[in-house]
1. Whole-Hz ³J(HN,Hα) for each residue in the range 299-316, computed from phi via Karplus 6.51 cos²θ - 1.76 cosθ + 1.60 with θ = phi - 60°, x for glycine and proline: what do you get?
2. In what sequence, highest mean first, do 303-310, 82-89 appear when ranked by Cβ atoms within 10 angstrom?
3. Can you list the HN-Hα couplings for the range 129-137, worked out from phi with the Karplus curve (6.51, -1.76, 1.60; θ = phi - 60°), rounded to whole Hz and with x for Gly and Pro?
4. Report, in listed order, any pair from LYS153/LYS276; LYS62/LYS276; LYS153/LYS250; LYS250/LYS301 with a Cα-Cα distance greater than 30 Å.
5. Which value in nm describes the separation of the simple spin-label points at ARG108 and ASP154, placed 7 Å from the Cα toward the beta carbon?
6. What list of ³J(HN,Hα) values in whole Hz, one per residue of the range 243-257 in order, does the Karplus curve 6.51 cos²θ - 1.76 cosθ + 1.60 (θ = phi - 60°) give from phi, with Gly and Pro shown as x?
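Only the coordinates and a few stated rules stand behind these numbers; no lab work does. Only a predicted model underlies this, so the values are computations on that prediction, with no experimental measurement involved. Positions of Cβ are generated from backbone atoms using ideal geometry, with glycine treated the same way; all protein chains shown enter the neighbour counts.
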Amino acid sequence: MDKDEQFCSAWSGENPRRSEPETRQPDAPASFAASRAGQNPADASRPPSLYNPLVIAIANQKGGVAKTTTTASLGGALTTYGKEVLLVDLDPQANLTLALGRDPGRVRGSITDVLFHSASLLSVSRETSVPGLDLVPANAGMALAERFLPVRKDYETILRRTITDELRPFASEAAPGSKPAGSSFEKNFPVIEYNYIILDCPPFLGAVTLNALVAADLLILPTQPEFFSAHALRTMMTTIRQVRQNQNPKLIFRVLITLLDKRNRIHRQIHDQIYKTFGEGVFQTIIEVDTKLRESAIEGKPIMFHKAQSRGALQYDALAQEIMRYVW
Ligand SMILES: Nc1ncnc2c1ncn2[C@@H]1O[C@H](COP(=O)(O)OP(=O)(O)OP(=O)(O)O)[C@@H](O)[C@H]1O
Ligand SMILES: [Mg+2]
């Protein structure tokens, strides 16, 4: 029995669902929105503003599992439904910035200014070549974030406070000190009404990823069906539990299987095991291997604006639809 097979058989004995029932959010997709809104999921009159914008963190401490590809592709797919989307590059590697055609060495404002100099997200955001898709770029300054961010007061909540104050001024859970509805804030500040903010996290669990998890409504965990990647989910579960306990009790997560090669027996086995373990905590949409996704990063465009009929484009479109079904 090789390592991957050992993992498959061992993991079923360590089902995080069974061992941590008190920390899990409701599982059924229909209850995704209701768990946040406190309403019956069937209630079509649920005010969408509670989710406006929906903040999605895309994180996994494991490198190379398609976090950045998912951020760009999902963001691009959502714009094809008329959604306004802001992508935020939180990674010192600045791969998202590159994948959207920007040179990180030449960007003026970046996420570093937001985290360290109290700049607003809008002041450093840029339009991309895709209408409705804006980007807050990263640059090399983010390499210092892990060292200097924890020195700042209440550093875990910097991103959440910025989003709430600037882009969610009318949210019911507005942070103390944020501008209340009906204030002169809306008259003086040109609020862009994003429907989604998607945060692309670096491949490690540090101060920056913590900021994203504290700010997020939904955490997407891209996971390649391989031993190390699936194993990293256990650490992520521990982190999710801590974040729920300490800063963000309403954080919901979904596992997204990425880079699946259906011909690979081990991939099929680990895929099945992930479904058995997480049930409806896994997106129905699966992202298979598609080299067109690599090309689209080189082209500097999300896949559906590079090869709209490719498998990758269709699968990320299905993911966008699945998320929109949950949320509004
Ligand atoms: N479905 C796919 N099919 C083929 N290649 C893919 C797919 N998804 C991502 N890739 C490629 O895999 C590599 C890693 O993807 P990506 O950069 O999105 O991962 P990541 O999790 O963001 O990595 P990091 O942890 O370094 O930030 C990239 O070259 C990307 O183009
Ligand atoms: Mg990345």
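1. Karplus-based 3J(HN,Hα) across the range 299-316 equals 6, x, 9, x, 3, 6, 9, 10, 9, 5, 9, 5, 4, x, 5, 5, 6, 6 Hz.
2. On the way: 303-310: 18.1, 82-89: 23.1.
So the peptides 303-310, 82-89, ranked by packing, come out 82-89, 303-310.
3. Each residue of the range 129-137 in turn: 6, 9, x, x, 10, 10, 9, 9, x Hz.
4. Values: LYS153/LYS276 41 Å; LYS62/LYS276 21 Å; LYS153/LYS250 23 Å; LYS250/LYS301 33 Å.
Exceeds cut-off: LYS153/LYS276; LYS250/LYS301.
5. 3.0
6. Using θ = phi - 60°, the values come out as 5, 5, 5, 9, 10, 9, x, 9, 4, 10, 10, 9, 7, 10, 7 Hz.
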